[in-house]
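*Asks:* Dropping the structure in here first, questions after.
Nothing in this text is a laboratory measurement; each read-out follows from the coordinates by a stated rule. The model shown is predicted, which means the values in this text are computed figures rather than measured ones. Cβ placement follows ideal geometry from the backbone for every residue including glycine, while neighbour counts extend to all protein chains displayed.
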Amino acid sequence: MQTWAGEQILKTTERTQFCMLRPSSMSQITNTTRNPFYFILTGIPGFEDIHLWISIPFFCLYTISIMGNTTILTVIRTEPSLHQPMYLFLSMLALTDLGLALTTLPTVMQLLWFNIREISFEACFAQFFFLHGFSFMESSVLLAMSFDRYVAICRPLHYASILTSEVIGRIGMAIICRCVLAVLPSLFLLKRLPFCHSHLLSHSYCLHQDMIHLVCADIRVNSWYGFALVLLIIVLDPLLIVLSYALILKSILNTATWTERLRALNNCLSHMLAVLVLYVPMVGVSMTHRFAKHASPLVHVLMANIYLLAPPVMNPIIYSAKTKQIRQGITRLLLQRKVH
């Protein structure tokens, strides 16, 4: 969603004029149309003949994501020592990554395995809602985790009194409400518009910036709302994360010894890597859409897949490798299963 707002505002007038000039060649379809309407998904452009082989790495990535995040959730739930703010936020991140992976898995794998390219109007909008909702939730959870690290390092004596279970529950509810309220207006704004005869999407899942290209109407309201979301979530969240780390760095530099500084930085390393895994591909997708509009469709498809698959796959690996308590919990969980 973050890549289309500015571009669509500039194209709105041209698109509207085009549709007015060719009314006879466009079959406009909305959510009130009685005839069944399907969007057509696209796999990997130019490699349709080897989709079955391409499905192998995709299947492996989805398996790693689902098993990794499920394992982290199980470890945190079964280990009483991990019922602390940091790990409760980590469980939120794992749930978000799990939801993001499961949202795209059905359409991606059925296309690669069985070449099923059709997706119904309702199913596409449902996938659109959950896909963008979980994407925004990922950013929101990382912002909450940065606040957790700030309190833990800058105000350690007040950590337990500030981040109580009740406060964490409220933060979790606020994240859910924020993401739902952010995505629902864009969904309803898009659903009210007529879709033209062409209903071919350029990805194997339903993205807003993809679906908006099929609309044959004035989309200025949609574009301005998308631009507002970019500022309020995609721009604001990273800025607040950077601010929290600036305050953390200031606090660390005031500590007495290098050992304490390194220990504090090590406590933040996993979170910093998770932030990079989310925002580096996000910036890459944005730059590709902005400055490589005429690049091969394969480039856009690969960048979008990296953006959506990197966090669910990499976050469990990062936190399992860098967090001692998670590693120990996984070891105990495996040993218990062997005993039984």
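*Asks:* Where nothing but the Cβ of Lys and Arg (+1) and of Asp and Glu (-1) is charged, how large is the charge dipole of the chain around its Cα centre, in debye to the nearest 20?
*Replies:* With Lys and Arg at +1 and Asp and Glu at -1, about 620 debye.
*Asks:* Pull up the cross-link candidates among the lysines for Lys338, meaning alpha carbon to alpha carbon under 26 Å and not fewer than 8 places away within one chain.
*Replies:* Partners within reach: Lys322, Lys324.
*Asks:* To continue, here is another question. Across the range 42-50, in residue order, what do the Karplus-derived ³J(HN,Hα) couplings come to in whole Hz, using 6.51 cos²θ - 1.76 cosθ + 1.60 with θ = phi - 60° and x for Gly and Pro?
*Replies:* Karplus values, whole Hz, x for Gly and Pro: 10, x, 9, x, x, 10, 4, 6, 10.
*Asks:* Quick one: angle between helix 258-291 and the longest Cα principal axis of the chain, in degrees between 0 and 90, rounded to 10, please.
*Replies:* Here the helix axis deviates by roughly 0 degrees.
*Asks:* If all Cα-Cα distances of the range 67-154 are sorted into 5 Å bins from 0 onward, what percent lands in each bin, rounded to whole numbers?
*Replies:* 3, 13, 18, 18, 16, 12, 9, 6, 4, 2, 0
*Asks:* Does anyone have the angle between helix 165-191 and the longest principal axis of the chain? Alpha-carbon axes, 0 to 90°, nearest 10?
*Replies:* The angle comes out at about 10 degrees.
*Asks:* Given contacts defined as C-alpha pairs under 8 Å and at least six residues apart, what's the relative contact order of the chain, whole-number percent?
*Replies:* 32
*Asks:* Between beta-carbons, use under 14 Å as the cut-off and find the net charge around Val167, counting Lys and Arg +1, Asp and Glu -1.
*Replies:* Summing Lys/Arg as +1 and Asp/Glu as -1 gives 0.
*Asks:* So, one more: Taking R0 as 56 Å, what FRET efficiency do you get between Phe37 and Glu166 from their Cβ-Cβ distance, rounded to the nearest 0.05?
*Replies:* FRET efficiency, Phe37 to Glu166: 0.75.
*Asks:* As an exercise, find the ratio Rg/Rh for the range 196-340 from alpha-carbon atoms, using the Kirkwood inverse-distance average for Rh.
*Replies:* Radius of gyration over Kirkwood radius for the range 196-340 works out to 1.11.
*Asks:* For the pair Leu157/Gln336, report the inter-label distance in nm, with labels modelled 7 Å from Cα in the Cβ direction.
*Replies:* So the two model labels end up 3.8 nm from each other.
*Asks:* I'd like the projected area of the range 254-318, averaged over all directions, using the convex hull of its alpha carbons. Report it in nm² with one decimal.
*Replies:* Seen from a random direction, the Cα hull of the range 254-318 projects 5.9 nm² on average.
*Asks:* Straight-line reach from Lys191: which lysines fall under 20 Å, measuring Cα to Cα and dropping same-chain residues less than 8 apart?
*Replies:* Reachable lysines: Lys11.
*Asks:* A further question on this structure: Between helix 85-114 and the chain, what is the angle of the helix's C-alpha long axis to the longest principal axis, kept within 0 to 90° and rounded to the nearest 10?
*Replies:* Between helix and principal axis, roughly 30 degrees.
*Asks:* May I pose another question? What is the distance in Å between the Cα centroid of the range 245-280 and that of the range 135-175?
*Replies:* 16
*Asks:* Step by step: find N for the chain, compute 2.2 N^0.38 Å, then divide the Cα radius of gyration by it. What's the final number?
*Replies:* 1.10
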